[in-house]
Amino acid sequence: MLLLKLALVAATVLLSSLAARRFGHAVGGTIAGMPMIAGPIIGFVLWQETPERTREIALATLACLPAAMVHMVSFAWGATRWRWPFALLGANTAFLAAGWSLVALDLPVVLALAFALAAPALAVRSLPRLHVPAVAVHIPRIELGLRVLAAAAMAWLLMRSAGVLPPGLSGLLLALPIAGNVLPCFTLPRHGAAATVALIAGFARGVYGFAAFFVMLYLALGTLPPALAYGLAWAAAASAALAVYAAAQRARRRQTARLSTSA
């Protein structure tokens, strides 16, 4: 079972990296922002725990989701000034500080859901304004392997903790962006700050799907059978991702049209 869980994590990081290879950093980031890792993890928790326990963890994850956005924005700004180890340290420090604050606040459910849904949009608006073309990216095979190994190591630690620790701490760990810790650390030294910001912007857009997944799971587990609630959560995540992708494509076409007119 542990090997199956790690395989899901490895497949997600590999898929994100291959998407970046083919379509650019932003697309790879969007895939990484989806609940491709936390979704299966919470699925296994739901299998092993009661729906009420899983619902508590889902709510705690949503409550901590703004902290994940603080992490990504901090890494993006750090990437414009520092090398990746310092950007990574700053991002995780900001994440833990924001996450513990949110857990301590113990926000009402309505506010926790609202903040989780608003966090991705606020994160995108808070990123540095750096431009990088949406083109294919060269990622050596050995780097692909190292990305997968790093993500699998982080996921192993989370899986050992989720469902064992108290719900608040489990939710905080599930909200920790595994791919958001791994992928920027490889992108920054090889491709630079602009590419890293593009990756993180894509990640933030993918988090719309993450938020939709956990909101639907939390609401559906209150009234529906666990399997149906879990399926509806994935449907909500896919719908949110498609809507955000369509909006991004429209915005890109409008920007291209404006540039062509001004030229």
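Some observations on this one:
- Reported label for calculated Cα extents along the principal axes in Å given [x] 53, 45, 31; [y] 58, 38, 31; [z] 80, 40, 30: [y]
- Helix 226-262 vs. the chain, principal-axis angle (Cα, 0 to 90°, nearest 10): 20 degrees
- Ligands, DNA and RNA left out, the 1.4 Å accessible surface of the range 189-250 is 71% carbon and sulfur atoms.
- Portion, in percent, of the accessible area of the range 21-130 that falls on carbon or sulfur, probe 1.4 Å: 68 percent
- C-alpha long axis of helix 193-220 to longest principal axis of the chain, angle in °: 30 degrees
- Helix 84-105 axis versus longest C-alpha principal axis of the chain: approximately 40°, rounded to the nearest ten.
- Charge dipole magnitude, Cβ of K and R +1, D and E -1 - the chain, Cα centre, debye nearest 20: 1100 debye
- For the range 1-80: rounded, prolate or oblate by the Cα gyration tensor [a/c cutoff 1.5]: oblate
- Mean accessible surface per residue for the range 4-102, computed with a 1.4 Å probe while every protein chain stays in place, in Å²: 42 Å²
- Three-way shape call for the range 55-106 based on the alpha-carbon gyration tensor, with the a/c threshold at 1.5: prolate
- Given the chain, longest segment not containing exposed loop trypsin sites (Lys or Arg not before Pro) (DSSP; at most 14 other Cβ within 10 Å): 130-263
The values are calculated or read from the model by the stated rules, or taken from the named source; none is laboratory data. The structure presented is a predicted model; accordingly, all values stated were derived computationally and were not measured. FYI the Cβ positions are ideal-geometry reconstructions off the backbone, even for glycines, and counts take in every protein chain you see. These accessible areas exclude ligands, DNA and RNA; they are computed on the full protein's heavy atoms, side chains included. Shrake-Rupley method; radii C 1.70, N 1.55, O 1.52, S 1.80 Å.
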